Amino acid sequence: MREPIRIVAALIRDEAGRLLLVRKRGTETFMQPGGKCEPGEDDVTALTRELDEELGCRVIRNSVAPLGTFECVAANERDRRLHAAVYAVNVTGDIAAQAEIDEIVWIDPSSPPDIALAPLTRDHVLPLAR
């Protein structure tokens with residue numbers, strides 16, 4: 001069996017308590033922003049880099065709070081498992097889709113819209129955010 005894909009992911013809320021989700025180019029599934037650690041990066045460094053690259057925002061370092069690690073089916077590779085370290089973070093700066101991100105949405109975690117959600121988001125992050 002192949003090793004799980006290891007990622008870091010962010011739970012980001014706005015002032016109204018809504019949760020930020022992203023959709024990557026060429027996919028239909030909305031998920032947490034984040035990505036894979038580069039060699040030598042710790043989770044927070046990787047998450048900070050990924051959020052800057054994907055959304056143009058900066059992590060407020062003293063806001064980072066670990067929420068847990070979760071395993072589930074990978075959203076865009078159904079034959080792979082995902083191992084995700086999820087962190088609640090606050091960010092500063094304007095958030096905009098860039099790099100491989102095609103779309104961003106803010107959702108109410110208590111009543112998500114009828115959109116395709118990644119298993120990590122649907123099964124683990126939304127329950128945490130409620």
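Bear in mind these aren't lab numbers, they're just calculated from the coordinates by the rules spelled out. Nothing here was measured: the structure is a model prediction, and the numbers come from that model. As a convention, Cβ positions derive from the backbone with ideal geometry for all residues, glycine included, and neighbour counts pool all protein chains shown.
Using a basic spin-label model with each label point 7 Å from the Cα along Cα→Cβ, how many nm lie between GLU15 and GLN98?
Result for the modelled spin labels: 2.3 nm.
Determine one quarter of the surface area of the Cα convex hull of region 5-129, which equals its mean projected area, and express it in nm² to one decimal. Can you show the working numbers first?
Values: hull surface 28.6 nm².
So the mean shadow area of the Cα hull is 7.2 nm².
For the chain, what does the helix formula give at 222 nm: sum of -39500 (n - 2.57) over DSSP H segments with n ≥ 4, over the residue count, nearest 500 deg cm²/dmol? Working shown, then result.
Working: 2 runs with 17 residues, N = 130.
After summing the helix terms and dividing by the residues of the chain, the value is -3500 deg cm²/dmol.
Whole angstrom only: what separates the Cα centroid of region 25-39 from the Cα centroid of region 76-116?
Between the Cα centre of region 25-39 and that of region 76-116, the gap is 7 Å.
How high is the relative contact order of region 5-129? Use alpha-carbon pairs under 8 Å, at least six apart in sequence, and give a whole percent.
Details: 256 pairs, mean separation 43.2, N = 125.
Relative contact order here is 35 percent.
Give me, ordered by chain and number, the residues 5 or more places off PHE30 or on other chains with an amide H under 5 Å from its own placed amide H.
The answer is ALA116, LEU117, ALA118.
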